[in-house]
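**Q** Take this structure, written in structure tokens, and hold onto it; I'll ask about it next.
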Amino acid sequence: MEEITIFQNEQFGSIRTVGTPDEPLFCLNDVCAAVGISNSRNVKTRLDSEDVRLVDTPTNGGMQQLTFITEAGLYDTIIRSDSPTAKPFRRWVTSEVLPAIRKTGSYTARKMSRKELAQMIIQQEEEMEMLRLENKQMDEQLTEQKPKVVFADAIVGSNSSCLIGELAKIITQNGHEIGQNRLFAWMRANHYLGTIGEYYNIPCQKYLEMGLFELKKNVHSQNGQMVTTITPKVTGKGQQYFVNKFLAR
């Protein structure tokens, strides 16, 4: 796997890979396109630096350095997506691609010529642009619907994030009584948070990209093993958004 190898899948499109059987790397732009994330740069800034690599890659504009991510970075990227393709994509990679790479050092995919690579890149850039336009339209609709309610000066423009339980207290202090459990339930019912399996209570990608939430990753020891947990937090922008939303009801 020293050269760029393309995984072709009818559902997920083309995924460029490089690296070794012990450390396969995946093109971040391709992974984001496969799981419905339009802003790969935003994802890159949220990944651990040790999970990000720059790789010289042939493109339509010549050789360029593109961002590739490790297997750990791949999982972090998938969990940020609320697209229905995210879980099937992860299953495909973990059940077919990675076992094949580790067993044979490659996947049953042929090497592509530079011309084919360039054509694939153009197609993926067009798909990413369509996703960006869709997100822009949703943001514009949200701006038009935003209630004209004045929020507490101490919160507006704040850079500090808080837990959802703390947000419930802030909303109550501003005149709308609600507890932590009710707020979690409301966010799930209104699709701000996931409702199924490992995505339960994890913010949906749309609202992460809007800057309403952020994810905090914590690593701790449990029964002699290192365990990673993800905690959703509400940003200052998100606190203003949700308080205004409840005060306008």
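The values are calculated or read from the model by the stated rules, or taken from the named source; none is laboratory data. Everything numeric here is computed off the predicted structure, so don't read it as measured data. For neighbour counting, all protein chains shown are included, and Cβ atoms are generated from backbone atoms with ideal geometry for every residue, glycine included.
**Q** Just to confirm my filter: which helices (runs of 4 or more DSSP H) fall fully inside the stretch 55-174 and include at least 3 residues that are at positive phi and modelled with pLDDT of 75 or more?
**A** Helices (runs of 4 or more DSSP H) meeting the threshold: none at all.
**Q** Quick check: anything in the stretch 32-53 part of a strand (DSSP E or B), within 30 Å of Met210 (Cα to Cα) and at pLDDT 90 or above?
**A** Checking the stretch 32-53: at least one residue is part of a strand (DSSP E or B), within 30 Å of Met210 (Cα to Cα) and at pLDDT 90 or above.
Yes/no matrix, rows are residues, columns are (1) more than 27 Å from Pro232 (Cα to Cα); (2) in contact with a Lys or Arg (Cβ under 7 Å, 6 or more places away or on another chain):
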residue: Gly13; (1), (2): yes, no
residue: Ser38; (1), (2): no, yes
residue: Asn60; (1), (2): yes, no
residue: Tyr75; (1), (2): no, no
residue: Thr85; (1), (2): no, no
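**Q** Mind checking which pairs have a first residue in the stretch 68-84 that is assigned by TED's automatic domain parsing to the domain that holds Gly19 and a second that is basic (Lys, Arg), Cβ under 6 Å, 6 or more apart or different chains?
**A** Taking only residues 6 or more apart or on different chains, the pairs are Phe68/Arg53; Ile78/Arg90.
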